Amino acid sequence: KAGVTQTPRYLIKTRGQQVTLSCSPISGHRSVSWYQQTPGQGLQFLFEYFSETQRNKGNFPGRFSGRQFSNSRSEMNVSTLELGDSALYLCASSLLQTSDTQYFGPGTRLTVL
Amino acid sequence: KNEVEQSPQNLTAQEGEFITINCSYSVGISALHWLQQHPGGGIVSLFMLSSGKKKHGRLIATINIQEKHSSLHITASHPRDSAVYICAVRFYGGSQGNLIFGKGTKLSVKP
């Protein structure tokens, strides 16, 4: 079975731009969660989607949004990028919910200049 | 405030040593995860616990619900175990979001 894939793997943007990141979960997994990892804050939960519905959301501003498609693939979008948005963005899929074992993708490294 | 504390922050061991990493949390949880992150960023889920003890190869994870504490043990450590180990919990209610993460323990195993 193919693992979780994320595209792109690396991205460089400038302040004020917007970015869309993509995540394809393991086949059959219906829950997709997104996380931000920075050296200062560590790993932080962004949001969780299940069957195209956002089930939980972390403490991030409205500039961070996401969605899930009927095939369980998910995208997250960050608008009006700030320098502090530079981070590794990880997505993880699980069968039904995040209390199940999560399988992480390799992440997208976003650099905001 | 729902918090997750890990100790130690950094750990250096000689190959073959027995290693323990600790995780404490503040309120009731529905699940606790141990994750392993290698340089380069890839994260692997090692264990998901809600009670008792789990073992996989040289890795053992335990949780004490009453004391709000979990430990990850590595027996006969090897240089390939060098990684950051992260504890994450899902608190009941989940008002702060879903998984809350510890800061991680950076383990270096010397040959």
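The values are calculated or read from the model by the stated rules, or taken from the named source; none is laboratory data. Given the structure is predicted, the values throughout are model-derived calculations rather than measurements. Methodologically, a virtual Cβ is constructed for each residue, glycine included, from the backbone with ideal geometry; neighbour enumeration extends over all protein chains shown.
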Checklist entry - Which residue out of B:Gly41, B:Gly104 is over 16 Å from the mean Cα position of the chain (by Cα), among the small types (Gly, Ala, Ser) and within 12 Å of chain A (Cβ to nearest Cβ)? => result B:Gly41
Checklist entry - Are any of the residues in the range B:48-62 at pLDDT below 95, in a strand (DSSP E or B), touching an Asp or Glu at 6+ places or on another chain (Cβ under 9 Å) and within 11 Å of chain A (Cβ to nearest Cβ)? => result yes
Checklist outcome for this item: Scanning the range A:58-83 for residues that are crowded, with 17+ Cβ neighbours inside 10 Å and aliphatic (A, V, I, L, M), the one farthest from the other protein chains (Cβ to nearest Cβ) turns out to be A:Leu81
Checklist entry - Which of the residues spanning the range A:16-55 are out of contact with any Leu (no Cβ under 9 Å at 6 or more places or on another chain), farther than 22 Å from A:Ala87 by Cα and not in a strand (DSSP E or B)? => result A:Ser27, A:Ser51, A:Glu52
Checklist outcome for this item: By residue number, the members of the range B:8-30 that are within 11 Å of chain A (Cβ to nearest Cβ) and either surrounded by fewer than 19 Cβ atoms within 10 Å (Cβ to Cβ) or among the basic types (Lys, Arg) (or both) are B:Ser30
Next on the checklist: Let me spell it out: the conditions are (1) more than 13 Å from the chain's Cα centre (by Cα); (2) within 9 Å of another protein chain (Cβ to nearest Cβ), and A:Ser86 meets all of them except one. Which number is the exception?
Outcome noted: (2)
Checklist outcome for this item: Only unsatisfied item for B:Gly52, checking (1) closer than 19 Å to A:Asp100 by Cβ; (2) surrounded by 15 or more Cβ atoms within 10 Å (Cβ to Cβ), is (2)
